[in-house]
1. Tell me the strands (runs of 3 or more DSSP E) entirely within region B:95-141 that contain at least 1 residues that are under 26 Å from the mean Cα position of the chain (by Cα) and within 7 Å of another protein chain (Cβ to nearest Cβ).
2. For B:Gly98, only one of the following conditions fails: (1) open to solvent by 40 Å² or more (accessible area, probe 1.4 Å); (2) farther than 24 Å from A:Phe128 by Cβ; (3) not assigned by TED's automatic domain parsing to the domain that holds B:Ile14. What is its number?
3. Tally time: how many residues in region B:66-78 are more than 14 Å from ligand 2 (Cβ to nearest atom) and over 16 Å from A:Leu75 (Cβ atoms)?
4. Could you say whether any residue in region B:82-91 is within 10 Å of DNA strand C (Cβ to nearest atom), touching a residue at least 40 places away in the same chain (Cβ under 8 Å) and either closer than 28 Å to B:Gly130 by Cβ or of a type outside the set (S, T, N, Q) (or both)?
Number of protein chains: 2
Amino acid sequence: MRTPQELSTAFRAIGLKVTPQRQVLFSLLHQNDAHPSAEAIHLAASAVMPGISLRTVYQTLNDLVSMGELQQLQLTPGSARFDPNTTDHHHLVCDGCGEIRDVYVSGLADVDVCGLDGFRVAATDVVFRGSCPTCSSATGDPSAPHA
Amino acid sequence: MRTPQELSTAFRAIGLKVTPQRQVLFSLLHQNDAHPSAEAIHLAASAVMPGISLRTVYQTLNDLVSMGELQQLQLTPGSARFDPNTTDHHHLVCDGCGEIRDVYVSGLADVDVCGLDGFRVAATDVVFRGSCPTCSSATGDPSAPHA
DNA sequence: TTGCGAACCAACAATCGTTGCGAATACGGT
DNA sequence: ACCGTATTCGCAACGATTGTTGGTTCGCAA
Ligand SMILES: [Mn+2]
Ligand SMILES: [Mn+2]
Ligand SMILES: [Zn+2]
Ligand SMILES: [Zn+2]
């Protein structure tokens, strides 16, 4: 996702107005690597601008997604997550706490894929599921310090 | 997923009963490679057993998932898809029609993953998104025959 | 500065996918 | 056949997201 300033310009360029609400959302999303849900963004926005409506948050998130500034992820059942990181990256999902982290994968082009007869691949998403360090140490860690 | 017969035995072994509804679901799911939604399964089951409730379908699907006989996939927003194929495989998702197909990937162990500091990976899911042959030929196919 | 139209909000209602609940029913070990 | 318990099913409720409408605010181009 581009900077709030650049997004303001981009919004105006396509006839969308740059409102205070949208500016708050721009800055909350900029370089946000937490992969927040709409609800989480609304919560954070409410701290800065009390009264901002959840409806407006969804509206703006959808705008950003269709502009290609934001990626919408559906890695688990439940609410969608939003990702301003539009570089080529993939994700770690913690089954324990639901945290999502960025991960960078190289050598993907070398894997051998069997079964795509005629299917045209536009994007490849790799999702690693498991436990984050916090959740790992909390339970069932065979490498935990003694008893 | 095992055969309906084996599932019946497995259900009884853990104190679950083998009802006609469940038997219908067992046979509809066995070797089903369509990655159906709960709704789709309910529809198919209704043809065989009119009156079977959607609630029962969800109930049994959940049982099968927690027994490890069925995989639950959430590859897009919307309804979950269920997959009796428990072999090591991955998926193609058609953005056009929503079809999901199996695909087999080898050489995944050789990719270089950067950024998993302390994260414990239990499973890796690869999702290829694009267009199936049908949807490709329908629109925007640069290799389509003439006009 | 003014004016048009876009965006906002509040307050709902509605949709979709899924689960909770409770009364009636049926499986299956004895 | 009997009985305890699991299962079924219909309906209500849920969480996430979107539609609507009417009144107000406000960006921004002229
Ligand atoms: Mn990311
Ligand atoms: Mn599959
Ligand atoms: Zn965790
Ligand atoms: Zn298709």
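1. Fully inside region B:95-141 and qualifying: B:100-106, B:120-131.
2. (1) is the only condition that B:Gly98 fails.
3. 3
4. The answer is yes; a qualifying residue exists.
The values are calculated or read from the model by the stated rules, or taken from the named source; none is laboratory data. Computed from a predicted structure; not experimentally measured. Cβ: placed from backbone, ideal geometry, glycine included. Neighbour counts: every protein chain shown. Ligands, DNA and RNA are stripped out before the accessible areas are found, and what is left, the full protein with its side chains, is counted by its heavy atoms. Shrake-Rupley method; radii C 1.70, N 1.55, O 1.52, S 1.80 Å.
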